[in-house]
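The values are calculated or read from the model by the stated rules, or taken from the named source; none is laboratory data. Fair warning: this is a prediction, and the values are worked out from it, not measured in the lab. A quick note on method: Cβ atoms are made from the backbone with ideal geometry, for glycine too, and the neighbour counts reach across all protein chains shown. The protein model used for the area step is the full one, side chains on, heavy atoms only, and it has no ligands, DNA or RNA in it. Shrake-Rupley method; radii C 1.70, N 1.55, O 1.52, S 1.80 Å.
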Amino acid sequence: MLEYIKGTIERIGVGDFAIETGGVGFHIEAGTRVTDKLKLHETRKVYTHMNVREDDISLFGFLTQDDVDVFRMLIGVSGIGPKVALSILSELSTDDLRMAVLSEDHKAIAKANGVGTKTAQRVIMELKDKFKLDDVIDSLDREGDQGSGEMSKDVVSETALALTSLGYTNTEALKAIKKVEGAEGMTPEQLLKAALKRML
């Protein structure tokens, strides 16, 4: 199995691209979150998942190992094939998907092309035990001001709880917290006010 390919982007299409390495061109299927970040003739490392069927072998490409891991979790859900999994990851980032699953926000998942309410609910039911809130909060730390400290998980949890009590979903709450600049060092009250400003 191919873990990744490092080569030159030779073509970018709608939902796919071609990458050349060692004189061989690979056709890679990918979501818009991937293709939107590619540039022609640049050198890229693309993480891959090979899908093998009786009548077809397809390569699916991603920009991080985490994206591949979550894609594989999605195709492990009954009734979810690679195309639908790719559609979900075009609509939601891996962190947004984690937030949607953990907060049981099936509407966010159902926005993806080809995903209905029942499918979205099945994704939540089968993946809820595989995702952890700590992973989402850790990603908030990584995306905050680099090197200026981390947000306390207790502060994030308390703020998210306050926002959900106001009627927002966990997904909306964590997205708003994620966008607050200089959130590390804030009290829950300060973070709540700053997050609310982002939401209003």
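Over the chain, with the other protein chains present, what is the accessible area per residue in square angstrom, probe 1.4 angstrom?
54
State, as an integer percentage, the relative contact order of the range 1-43 based on alpha-carbon contacts under 8 Å between residues 6 or more apart.
RCO, the range 1-43: 40 percent.
Using a 1.4 Å probe on the protein chains only, how many percent of the accessible area of the range 1-127 belongs to carbon and sulfur?
Summing carbon and sulfur atoms, their accessible area is 49 percent of the total for the range 1-127.
State to the nearest 20 debye the size of the charge dipole of the chain about its Cα centre, where the only charges are +1 on K and R beta carbons and -1 on D and E beta carbons.
Approximately 480 debye in magnitude.
Mean residue ellipticity at 222 nm from the helices of the chain, using -39,500 (n - 2.57) per DSSP H segment of n ≥ 4 over the full residue count, to the nearest 500 deg cm²/dmol?
It comes out at -14000 deg cm²/dmol, rounded to the nearest 500.
When the chain is fully extended, how far beyond the present Cα-Cα distance does Glu158 get from Glu189, taking 0.36 nm per residue of separation?
Extra length available between Glu158 and Glu189 comes to 10.2 nm.
Out of (i) 9, 31, 30, 22, 8, 1; (ii) 9, 34, 33, 18, 5, 1, 0; (iii) 8, 28, 21, 10, 13, 13, 6, 0, which label holds the value of P(r) over Cα pairs in 10 Å bins from 0, in percent that was computed here?
(i)
Once the mean 1/r over all distinct Cα pairs of the range 1-78 is inverted, what Kirkwood radius in angstroms do you read off?
12.7
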